[in-house]
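What follows is one structure encoded as structure tokens, with my remarks underneath.
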Amino acid sequence: MSTPTPTLPRWMLRGRDLLFDLVIVAVVGSASVIAGGAYGMVGIVHGVLMALPLLARRRFPAATFAVVALLAAAQLLAGDTFTLLPHDVAIFVALYSAVKYAHRAWVGFAALGVTLFGCFAAAVLLSPTGPDQPWLDRYVLTLAASVTIGVTLLGLTVRIRHLYVRSLEERAATAERERDHLARIAVVEERGRIARELHDIIAHSLSVMIVHADGGRFALDRDPERTRAALTTIGATGREALGEMRQLIDVLRHPERSADAVVERPRGALDQVGEAVAKARSAGLAVEFAVTGTAPEVPDGVALAVYRIVQESLTNVLKHAGERATARVAITYTRQAITIEVVDDGGRRAATAAAPALTNVTPLPLPAAALPAGGHGLIGMRERAGLYGGEFTAGARLDGGWQVRASIPLTMAAAA
């Protein structure tokens, strides 16, 4: 595995660039001093003035080229005293900077046109009556035109490479931000799953335990056997809830583990929906349970969703409908979907009339308002159904009571 190349701090990069530009200015300025014999102090000053703007070539490339080009034009218009000087190389440095660093690409091409025009204008303006060996100046200027094109191509190549590297860096930064964003989304979703499981465990288990505790208290003197059975159910329900709570705590201690992977019921949980019905019956609720069709092979998450929807619906009946309520759980398996329907009568019918038709279990005495109201059960059931592309509806019935209906398509479930 290759070791990543370390990146220098920004201040070190800026210091390195500044040092490099100072070296360029020093070389161009020194060249004007060395060749200043032909023009004296005027040539030296001209060379220094062409060198100093190069300090700003990275930040202000267009302005730097404009200043250097104007100084070169002044040199060109000097007439009979015109000649090429070493510090004229500043025009190529400014051209390279304009092509590479300008925000707009057209600035570099405009600088190329100006430089070529200057080179050929200088070659035309040179006359035989000028300085010695004017043909040499024409040759040098023609060569300068070729160098101008070469410098432009070099700057354009470096610019494209720089933009490519920057695009790779931006792409990597975007990928890193997306990865962090997805990680945060995953954390939120995991917390939501844990919250749903906590609600299901606590709401269902405590509801059953409260029902049995209150029923056992009322039956303590009249029916000790029923009180003993109620205490047994309370202990079993509490141990089961404690075990599931420990599993969820293990998820919180080990973030790499999934809540669904820990708390999902074993495979075949569709066949275990009857356990939720049996627990509701043991809590004193008269429940009729009907299954139509054959349970298909589905992912564990779908089976858990069906189990929790039935469990939460019956828990809500225990909470809100009272001891005179009766409920009916109907699960329909088809090739297209799994349909869950839980209906209660709201406790309107007499328990003595309804219970024999639905179940042989005699409900324990339950005082009014024994269970607390409120919660997020409906939201949790809707989220579980929506997770697999299903539909969920819940509401009051016209003839009293409450109805919960959920449908989970098997195509979406298989994809999930």
Just checking, which of Ala203, Ala219, Ala195 is modelled with pLDDT under 75 and in contact with a Pro (Cβ under 9 Å, 6 or more places away or on another chain)? Ala219
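Per-residue answers, yes or no, for (1) in the same structural domain as Tyr388 (by TED's automatic domain parsing); (2) at pLDDT below 85; (3) assigned to a loop (DSSP other than H, G, I, E, B):
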residue: Ala261; (1), (2), (3): yes, yes, no
residue: Val277; (1), (2), (3): yes, no, no
residue: Ser313; (1), (2), (3): yes, no, no
residue: Arg324; (1), (2), (3): yes, yes, yes
residue: Ala330; (1), (2), (3): yes, no, no
residue: Ile338; (1), (2), (3): yes, no, no
residue: Val342; (1), (2), (3): yes, no, no
residue: Arg348; (1), (2), (3): yes, yes, yes
residue: Ala357; (1), (2), (3): yes, yes, no
One residue is enough: does region 279-299 have a residue meeting the conditions on the phi > 0 side of the Ramachandran plot and modelled with pLDDT under 75? no
Check off (1) over 30 Å from Tyr101 (Cα atoms); (2) modelled with pLDDT under 75 for Val140 and give me the number that stays unchecked. (1)
Filter region 105-121 down to the residues that are aromatic (Phe, Trp, Tyr) and over 49 Å from the mean Cα position of the chain (by Cα), then identify the one that is modelled with the highest pLDDT. Phe117
Which residue is farthest from Phe218 (Cα to Cα), if the candidates are limited to region 359-381 and must be modelled with pLDDT of 50 or more and surrounded by fewer than 19 Cβ atoms within 10 Å (Cβ to Cβ)? Ile379
If a residue counts only when it is out of contact with any helix residue (DSSP H, G or I) (no Cβ under 6 Å at 6 or more places or on another chain), without any contact (Cβ under 8 Å) to a residue 40 or more places away in the chain and farther than 25 Å from Leu163 by Cα, which helices (runs of 4 or more DSSP H) contained entirely in region 40-122 have at least 2 such residues? 41-51, 61-76
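The values are calculated or read from the model by the stated rules, or taken from the named source; none is laboratory data. For clarity, every value in this text was computed on a predicted model and none was experimentally measured. Cβ coordinates were reconstructed from backbone atoms using ideal geometry, including for glycine residues, and neighbour counts include every protein chain displayed.
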